[in-house]
Amino acid sequence: MSEFDFGARRASEFHHRGFWTLFAERHPQERDRLARRGPWFWQRGMPDFALVLSMYAAPAQNHVGVFFGRNEKFGATQVWSRLKPYQPAIEARLKLRPEQSSQGLGINSMWRVNCYAEDNWPAMADWMVTEASRIERAVVAVLGQG
């Protein structure tokens, strides 16, 4: 394998514990808002709206992203259908280009990045928190203060 061979890698090669540890160290305020987490995601609760924002890493697809996830404890069920009437107004505030979101994930944002490169991790963590906050502000602006 040459130094320029960018062959496909398996998601299992991503050191998710190390990434989420760095995420929590860089953004300790997220611990207070933690709804749930797993190897690939961290959910920020928005209890006033019965919503959770899922920040996730998809290393095999070379991207990270933020979308509204499901969490029964927070009442975050049927989220996409609940937000559908407000989606155009929320997305207008986000001003995302088509390549910055994934079709079929409702209101979402994604960033293409090499997740395996650990020197990208600080920027990935910062982007997730910044983007989750942008989406949260857009929802609050459109839906009101809860």
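The values are calculated or read from the model by the stated rules, or taken from the named source; none is laboratory data. Owing to the predicted nature of the structure, the values given are computational and were not obtained by experimental measurement. Quick reminder, even Gly has a Cβ in these numbers, built from the backbone with ideal geometry, and neighbours come from all protein chains shown. When the accessible area is computed, the model is the full protein with side chains, heavy atoms only, and any ligands, DNA or RNA have been set aside. Shrake-Rupley method; radii C 1.70, N 1.55, O 1.52, S 1.80 Å.
Looking only at Cα atoms, what is the convex hull volume of the stretch 94-146 per residue, in Å³?
94
Which residues in the stretch 96-122 have a backbone N closer than 19 Å to a point placed 7 Å from the Cα of LYS84 along the Cα-to-Cβ line?
Answer for this model: 102-108.
Where does each of GLU13, GLU25 land when they are ordered by accessible area, with a 1.4 Å probe and the largest first?
GLU25, GLU13
Kirkwood Rh, Cα Rg: Rg to Rh for the chain?
Rounded to two decimals, Rg/Rh equals 0.99.
Rank these residues by their accessible area, most exposed first, probe 1.4 Å: SER102, SER109, SER81.
Accessible-area ranking of SER102, SER109, SER81, largest first: SER81, SER102, SER109.
Hey, what angle do you get for helix 16-26 against the long axis of the chain, alpha-carbon based, 0 to 90 degrees rounded to 10?
60
Residues of the stretch 46-62 with backbone nitrogen within less than 17 Å of a virtual label 7 Å along the Cα-to-Cβ line of ASN114, please, listed as ranges.
58-62
In degrees between 0 and 90, to the nearest 10, how far off the longest principal axis of the chain does helix 121-143 point, with axes built from Cα atoms?
Roughly 10 degrees between the two axes.
Note down the magnitude of the dipole of the chain about its Cα centre, charges +1 on Lys and Arg C-beta and -1 on Asp and Glu C-beta and zero elsewhere, to the nearest 20 debye.
Dipole magnitude for the chain comes out near 560 debye.
Order these peptides, 119-129, 70-80, by their mean beta-carbon neighbour count within 10 angstrom, highest first.
Output ranking for 119-129, 70-80: 119-129, 70-80.
If you take the beta carbon distance between VAL140 and ASN62 as r and set R0 to 30 Å, what does 1/(1 + (r/R0)^6) give as a FRET efficiency, to the nearest 0.05?
It comes out at approximately 0.45.
Sticking with the crude label model, points 7 Å out along Cα→Cβ, report the distance from ASP48 to ASP32 in nm, one decimal please.
Computed distance between label sites ASP48 and ASP32 equals 1.4 nm.
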